[in-house]
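Enquirer: The structure that follows is given in the form of structure tokens.
The values are calculated or read from the model by the stated rules, or taken from the named source; none is laboratory data. No experiment lies behind these values; they were computed from the predicted model shown. Note that we place each Cβ from the backbone using ideal geometry, even for glycine, and neighbour counts take in every protein chain shown.
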Amino acid sequence: MSEQCNQNCSSCSESCTERKEEFDFSEKPHALSSIKKVIGVVSGKGGVGKSLVTSMLAVTMNRMGYHSAVLDADITGPSIPKAFGIREKARGSEKGLYPIKSHTGIDIMSINLLMDNDKDPVVWRGPILANTVKQFWSEVIWSDVDFMFIDMPPGTGDVPLTVFQSIAMDGIIIVTSPQELVSMIVSKAVRMAEIMNIPIIGLVENMSYFKCPDNDKEYKIFGDSHIDEIAEEHNLKVLAKLPIDPRLSAACDKGMIELFEGDWMEPVGKILENMEDKK
């Protein structure tokens, strides 16, 4: 190493043992795409309602007057088209692929929109799964999107790692549930985001409580919540606590998530809106 070394390896042509090169693995979006903000929705484990939260966030921002989109990166468990009631298949041209628009104008791309039979399993190895997600980013034409929400596969494995490396995200939202076991899983997701240097917008707890329609009391079906302790431990915000509401489940099953009633996501929408204002 030269005595005049300024520690900036990117501007130096010397080949020395102390050389530390930073590699950029990020993929560029399609040349015709326009995407302002990209928000990843992640969970340390499956079954906590990550896809539900992703759908509700997209609907909330759409209701607030923004053009929202959903990139379904959960290739082996795609549920976004079902929640939005989309049966139409995606089409393309020599320019690229086009997302399908939902009933209220939300752009959506999912592996189920490309398969002849959406009930067929996706039996692919990790690299193919990861490359498919990258193609959804780089080969799909996302037009004038204000907020894109990426429904990430659960866990901290190969595909989430590739997505974090390939797509420049403005932040992630971590979805969890009340069980104490989940606190350890959330810590893993938080640590992964820190390693990848991705900002964490906050936590959303799903299935937090059940509000009885007969007496208006709240019951903790899955035990007491630990999300406030987890948030304090990692210096994060609790963005929302979603109830167990049969109407939400019914809306997803019927493909009518865009008609859900409730203001649980509005505080999250305000935070995201402020992010947009800073641009």
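Enquirer: Any idea which of 231, 250, 240 is within 20 Å of residue 40 (Cβ to Cβ), modelled with pLDDT of 90 or more, of a type in the set (Gly, Ala, Ser) and more than 17 Å from the chain's Cα centre (by Cα)? Let's see the steps before the verdict.
Expert: Values: 250 fails: within 20 Å of residue 40 (Cβ to Cβ); 240 fails: more than 17 Å from the chain's Cα centre (by Cα).
Exactly one residue qualifies, and that residue is 231.
Enquirer: Here is a list of conditions, (1) in contact with a helix residue (DSSP H, G or I) (Cβ under 6 Å, 6 or more places away or on another chain); (2) free of Cβ contacts under 8 Å to residues at least 60 places away in the same chain, and residue 204 meets all of them except one; can you say which number that is?
Expert: Just one mismatch for residue 204, condition (2).
Enquirer: So residue 225 fits all but one of (1) touching a residue at least 40 places away in the same chain (Cβ under 8 Å); (2) exposed (fewer than 12 other Cβ atoms within 10 Å of the Cβ); (3) touching a Lys or Arg at 6+ places or on another chain (Cβ under 9 Å); what number is the exception?
Expert: (2)
Enquirer: Another question, if that's okay. Can you run down the residue pairs with Cβ atoms below 7 Å, 6 or more apart or on separate chains, where the first is in the range 38-60 and touching a residue at least 12 places away in the same chain (Cβ under 8 Å) and basic (Lys, Arg) and the partner is buried (at least 24 other Cβ atoms within 10 Å of the Cβ) and part of a loop (DSSP other than H, G, I, E, B)?
Expert: That search, which allows pairs on different chains as well, returns 50/43.
Enquirer: What number of residues within the range 235-266 are touching a residue at least 40 places away in the same chain (Cβ under 8 Å), surrounded by fewer than 16 Cβ atoms within 10 Å (Cβ to Cβ) and either part of a loop (DSSP other than H, G, I, E, B) or in contact with a helix residue (DSSP H, G or I) (Cβ under 6 Å, 6 or more places away or on another chain) (or both)?
Expert: Number satisfying all stated conditions: 2.
Enquirer: Still on this structure, I have one more. Test of understanding: among 213, 178, which residue is at pLDDT below 95, loosely packed, with under 12 Cβ neighbours inside 10 Å and not aliphatic (A, V, I, L, M)?
Expert: Of 213, 178, the one residue that is at pLDDT below 95, loosely packed, with under 12 Cβ neighbours inside 10 Å and not aliphatic (A, V, I, L, M) is 213.
Enquirer: Tell me, which helices (runs of 4 or more DSSP H) lie completely within the range 50-164 with 1 or more residues that are at pLDDT 95 or above, in contact with a His (Cβ under 6 Å, 6 or more places away or on another chain) and of a type outside the set (S, T, N, Q)? Working first, answer last.
Expert: Working: elements: 50-63, 80-84, 126-138.
Answer list for the range 50-164: none.
Enquirer: Then there is this: Test residue 204 against the criterion of being hydrophobic (A, V, I, L, M, F, W, C), surrounded by 19 or more Cβ atoms within 10 Å (Cβ to Cβ) and farther than 15 Å from residue 75 by Cβ, and give yes or no.
Expert: Numbers: hydrophobic (A, V, I, L, M, F, W, C): yes; surrounded by 19 or more Cβ atoms within 10 Å (Cβ to Cβ): yes; farther than 15 Å from residue 75 by Cβ: yes.
The answer is yes for residue 204.
Enquirer: Got a number for residues in the range 234-279 being closer than 17 Å to residue 86 by Cα and of a type in the set (Val, Ile, Thr)?
Expert: Number satisfying all stated conditions: 1.
Enquirer: For the range 181-191, indicate whether the set of residues that are part of a helix (DSSP H, G or I), buried (at least 16 other Cβ atoms within 10 Å of the Cβ) and either aromatic (Phe, Trp, Tyr) or free of Cβ contacts under 8 Å to residues at least 40 places away in the same chain (or both) is non-empty. Spell out how you get there, then give the answer.
Expert: Start the filter on the range 181-191 by keeping residues that are part of a helix (DSSP H, G or I), which leaves 181-191.
Checking which are buried (at least 16 other Cβ atoms within 10 Å of the Cβ) leaves us with 182-183, 185-186, 189-190.
Subset that is either aromatic (Phe, Trp, Tyr) or free of Cβ contacts under 8 Å to residues at least 40 places away in the same chain (or both): none.
Looking through the range 181-191, none of the residues is part of a helix (DSSP H, G or I), buried (at least 16 other Cβ atoms within 10 Å of the Cβ) and either aromatic (Phe, Trp, Tyr) or free of Cβ contacts under 8 Å to residues at least 40 places away in the same chain (or both).
Enquirer: Kindly establish whether residue 207 is more than 16 Å from the chain's Cα centre (by Cα), over 24 Å from residue 69 (Cα atoms) and modelled with pLDDT under 95.
Expert: Details: more than 16 Å from the chain's Cα centre (by Cα): yes; over 24 Å from residue 69 (Cα atoms): yes; modelled with pLDDT under 95: yes.
Considered against the rule, which asks whether it is more than 16 Å from the chain's Cα centre (by Cα), over 24 Å from residue 69 (Cα atoms) and modelled with pLDDT under 95, residue 207 comes out as yes.
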